[in-house]
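Report on the following structure.
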Amino acid sequence: MLLTPRELDAYIGRELDEDSVSADVTTSALIPPHLQARASLVPQEPGILAGLDVASAVFQRINPDLVFAKKLLDGDRVEGGEAIATISGAMTSILTAERTALNFLQRMSGIATLTDQYVKAIDGTTASIVDTRKTVPGLRLLDKYAVSIGGGRNHRMNLTDGVLIKDNHLAALAGEGVSLGQAIKRARARAPHTVKIEVEVESIEAALAASAAGADIVMLDNMSPEDMRTAVDQIAANCIVEASGGITLDNVAAIARSGVDIISIGALTHSPQALDISLEYETRNA
């Protein structure tokens, strides 16, 4: 897990506050406090699990007496229909925690599942699937953890992790007469020596200029696999080459075969489909 226990507790606390779990008027109006329950978490479709420990922590935050028993672990592959965990204890507590726990578990498992699909699509190449900063505000560490569970790697966590010169930076500098190469050299002179310098380019010519100016990483943005191959052939000896923009499951294999080192995909975290996981109950009187 990328989070410390304190960070995870803060994440969960924010989501529970958003749901006003201390004032669950439906549960308090309908469910007797003495009613005990056993519930199972059951995926309804195939996928990769991620977020079981987060879901467990949600239930424990609502009621430390609840018993969360995992049958599988994060990273395990499920086919659907099998219980992945059970929760036992006061039904009022289980009902109150249910939605928040499922929100985390379904989203994280959806991210891990989508990442796994991309990783499998480029099997046999030397490229790596990497995420971006296009995450849900406030949930970045959980989103990126889920990517890692799906077999992907993490790009920058935040703006301190490296220099990434993008088109808008270059457009702003163009008004001062600063070229791409000059921008890279300015970043090298002013940024901490411990960070890498990456630049986004949209043409073979710009890729050559970025490499010649000393960029550590050159990001080929929205270029065809053929143009990527041409760029890779000329700059790969001098820098890491990253592909980004317009990448789908249909074209990712061709992009990987161009020889790029990294393929960054915003869709992993900005538009995953949540894995369908339900909570199924058995009740019994205490």
Filter segment 213-246 for residues that are closer than 16 Å to residue 265 by Cα and out of contact with any strand residue (DSSP E or B) (no Cβ under 6 Å at 6 or more places or on another chain) and give the result. 222, 223, 224, 225, 246
Would you confirm whether or not segment 114-134 contains a residue that is acidic (Asp, Glu), modelled with pLDDT of 95 or more and more than 30 Å from residue 4 (Cβ to Cβ)? yes
Matching residues, segment 35-59, being of a type in the set (Val, Ile, Thr) and not in a helix (DSSP H, G or I): 42, 48
Which numbered condition residue 170 fails, given (1) under 22 Å from residue 155 (Cα atoms); (2) in a loop (DSSP other than H, G, I, E, B): (2)
Out of everything in segment 1-23 that is at pLDDT 90 or above and assigned to a loop (DSSP other than H, G, I, E, B), what residue ends up being farthest from the chain's Cα centre (by Cα)? 20
Looking only at segment 131-154, count every residue that is closer than 15 Å to residue 243 by Cα and surrounded by 22 or more Cβ atoms within 10 Å (Cβ to Cβ) and tell me the total. 2
Please specify each residue of segment 229-255 satisfying the condition of being surrounded by 21 or more Cβ atoms within 10 Å (Cβ to Cβ) and among the polar types (S, T, N, Q). 244
If you take the residues in segment 194-210 that are outside any strand (DSSP E or B) and not hydrophobic (A, V, I, L, M, F, W, C), which one is surrounded by the fewest Cβ atoms within 10 Å (Cβ to Cβ)? 194
Residues in segment 262-286 that are over 22 Å from residue 99 (Cβ atoms) and within 19 Å of the chain's Cα centre (by Cα): how many? 8
Please go through segment 211-228 and pick out each residue that is surrounded by fewer than 22 Cβ atoms within 10 Å (Cβ to Cβ) and part of a loop (DSSP other than H, G, I, E, B). 213, 214, 216, 222, 224
Scanning for something touching a residue at least 60 places away in the same chain (Cβ under 8 Å), crowded, with 22+ Cβ neighbours inside 10 Å, of a type in the set (Val, Ile, Thr) and not assigned by TED's automatic domain parsing to the domain that holds residue 28, does segment 85-95 turn up at least one residue? no
In the set 231, 210, 171, the lone residue that is without any contact (Cβ under 8 Å) to a residue 24 or more places away in the chain and out of contact with any Pro (no Cβ under 6 Å at 6 or more places or on another chain) is 171
Out of segment 1-38, which residues are closer than 27 Å to residue 151 by Cα and hydroxyl-bearing (Ser, Thr, Tyr)? 4, 11
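The values are calculated or read from the model by the stated rules, or taken from the named source; none is laboratory data. Note that the structure is predicted; figures quoted are calculated from it, not measured. Backbone-built Cβ (ideal geometry, glycine too); neighbour counts: all protein chains shown.
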